[in-house]
Every structure is written in structure tokens, then in C-alpha cells.
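The values are calculated or read from the model by the stated rules, or taken from the named source; none is laboratory data. Predicted, not measured: the structure shown is a model, and the values here were computed from it. Don't worry about glycine lacking a Cβ; one is built from the backbone with ideal geometry, like all the others, and counts go over all protein chains shown. Keep in mind that these areas ignore ligands, DNA and RNA; they rest on the heavy atoms of the full protein, side chains included. Shrake-Rupley method; radii C 1.70, N 1.55, O 1.52, S 1.80 Å.
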Amino acid sequence: MSHLSIKDLHVYYEGVETLKGIDLEIPDKSIVAIIGPSGCGKTTLLRSINRLLELSSDVKVTGRVEIDGENIYDPKADLISLRKKMGFLSQRPFPLPCSIFDNVAYGPKIHRMDADAINAVALSLEAGSKVSQNRKEALANLVEICLKKAGLWEEVKERLGSPASRLSIGQQQRLSLARALAVGAELILGDEPTSALDPISTKQIEEQFKALSSQYSIVMVTHILRQARRLADYVVFMYLGELIEHGPAEKIFNSPEKEMTRRYIKGDMS
Ligand SMILES: Nc1ncnc2c1ncn2[C@@H]1O[C@H](COP(=O)(O)OP(=O)(O)O)[C@@H](O)[C@H]1O
Ligand SMILES: [Mg+2]
């Protein structure tokens, strides 16, 4: 189980301060919803957690994002092993141009996980899972477990070799989830992960998140208050780059402390 802690995080785009000092402890084994109006910095916060921001040009980040006490912004940090602890679901899934099986097997392959490492992930996902000293068998077993945990196995088990691009968007998003689980990610980050999905696919992702939250932490951005109410154990409300209020979902939705939170929850603020 990975623990995530954010300390005095500031993000500047082209010199403009977009995150204005965020301090947040992410509770373990829960679903955390980041809510707030469009443009308030939800995506920026989420992407800063796994250092995805640096892909874009003029960005400056100060502060700390600690995964199990290790600062991901430390120049000496082992970015590859830290990123391995996190899976990222974007608004639209991006399957790799290969088969369903290979999409899930890709992570363990590029991370050069041996049979023991593959078995360890399988066992962490499913206690009592079968193990194999044969790497190929171990991998096939892990792919199956990940697809089951992502709620996709029954729909794809007869066509693991067919291109992932033929899956529906909803199925592709569950495939993204399976891919994250396959490298042993313990923290799932989702940026409005259901925004491109139809209601049934949305419900499927929500159900998998619920099931996984007994074991993992899930941090998701959503602008749909109803979804936050359905799913979140913990809510983080942001406004104009600041963290206005955070706490157990029950408290934020029923008795928020700040007037601004109250107005947003009531729907007085878009
Ligand atoms: N790469 C970027 N370069 C410059 N400004 C950006 C960039 N990404 C986001 N912004 C700006 O930062 C602010 C926060 O954006 P974002 O984190 O995407 O908000 P949200 O996800 O809450 O809608 C917005 O004003 C947005 O225009
Ligand atoms: Mg966003």
C-alpha cells in the first residue's frame, strides 16, 4: 500500500501561479474525489502527482509530492519505480496499438519483471492466486487476474489476441485500469475517467473503483457532483488554484465549513 502526501505544492505555467500551495494527505484505501469548477487546477494537481506536467513546456513546480516518504520531485528520485506505483486514467483511454493481452502484459515486460515479480503482483491482487516459475505462464495468469479485477475478463476472454482498438471506449477504459494493476500500481489516478463514457460503462468503472478501494487508493477528478456523492470516501474542493476544504465526503456534502464549498455543493457555482 502506497501512501501519498502533498506538501506546499505550487505550479506555475509560464510564470502564472496555477496551484497556490497545496497541502494534502491522501487517506489510504479510499476513493478521493477532487472537485471544483472548470479551470480551478484539478487536472494540474492530479498530473503533478506523477510528474506528468513536465511533458508540457513552461512549467515550474515547487514543493513536495511524497510517495511512501519519497519526494517524486527530488532530482535523485527513482522516477520509474515511483511511477510504477501509480496508474493513470485520462479522460479518454489510449490503448497501445497491439492486442488486448499485450496491452496488459506491456508494463510487466518493459519493467522487465521476472516470474517472481509477476507472481508477487498476482498474489497481491488475488490472495491464493496460482503462481508459476515459468514467466510466460505467470504473465498469462497475471493478465487474467488484472482483466478480472478491471471487470473486463468475461467480455474479452475469447479474443485476447484481437486488437485493443476494436474495444468500445468503455472497455478500453477498463483495459487502462487492468494495465495499471499489472505493474503493481497501488494508487490509481483518474482525470474525469468516465467523462467520455456512456452511463452503463460509467457504472462499470465506478463499480470496479469501489471494489478496488478496499485495497488501493483511488484519486479521481470529477466535475460531476453526483458521481462524487456516489463514490467518494473523501472529498477535496478546489477553487482558483487553492484547496478550499477537504474532509470525509459525509462532512463536505452535509456540513461544509466554508461558505464557498457550501455554494458549490448547492450548485450555485458552475
Ligand atoms: N499547459 C498549460 N499551459 C498554460 N496554462 C495551462 C496549462 N494547463 C492548464 N493551464 C491553465 O491552468 C488552469 C488550471 O487548469 P486545469 O488544471 O486543467 O483545471 P481543471 O482541470 O480544474 O479544469 C487553467 O486556467 C488552465 O487554462
Ligand atoms: Mg481538468
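A compact table of results
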{"read-out": "Measure of compaction for the stretch 96-184 (Cα Rg per 2.2 N^0.38 Å)", "value": "0.98"}
{"read-out": "Potential extension, D74-E54 segment - 0.36 nm per residue separation minus Cα distance", "value": "5.8 nm"}
{"read-out": "More than 16 angstrom apart: percent of Cα pairs within the stretch 1-101", "value": "61"}
{"read-out": "Selection from A150, Y73, I188, by position along the positive dipole direction of the chain (Cβ)", "value": "A150"}
{"read-out": "Accessible carbon and sulfur surface of the stretch 1-58 relative to its total accessible area, %, 1.4 Å", "value": "47"}
{"read-out": "Extension gain from L225 to D268, taking 0.36 nm per residue of separation minus the Cα-Cα distance", "value": "14.2 nm"}
{"read-out": "Inter-label distance, nm, simple model (7 Å from Cα along the C-beta direction), K109/E17", "value": "4.7"}
{"read-out": "Whole-Hz couplings from phi, Karplus 6.51/-1.76/1.60, listed for the stretch 100-117; x for Gly and Pro", "value": "4, 4, 5, 4, 6, 6, 4, x, x, 6, 5, 7, 6, 6, 8, 4, 4, 5"}
{"read-out": "Extended-chain gain in nm, criterion 0.36 nm per residue less alpha-carbon gap, E25 and S195", "value": "58.6 nm"}
{"read-out": "Listed residues M1, M238, M260 arranged by accessible area, highest first, probe 1.4 Å", "value": "M1, M260, M238"}
{"read-out": "Sites S132 and S5, calculated FRET efficiency, Cβ-Cβ separation with R0 41 Å, nearest 0.05", "value": "0.65"}
{"read-out": "Spread of Cα-to-Cα distances over 5 Å intervals beginning at zero, given as percent, for the stretch 125-270", "value": "2, 8, 17, 19, 15, 13, 9, 7, 5, 3, 1, 0"}
{"read-out": "Bridge type composition, the chain - antiparallel percent by DSSP, nearest 5", "value": "60"}
{"read-out": "Value of Rg to Rh for the chain (Rh from inverse mean 1/r over Cα pairs, i.e. Kirkwood)", "value": "0.98"}
{"read-out": "Accessible area per residue in Å² at 1.4 Å probe, computed on the chain", "value": "46"}
{"read-out": "The chain, relative contact order in percent, only Cα pairs under 8 angstrom and at least six apart counted", "value": "28"}
{"read-out": "Label-to-label distance, nm, for residues given as R159 and N254 (7 Å Cα→Cβ offset)", "value": "4.6"}
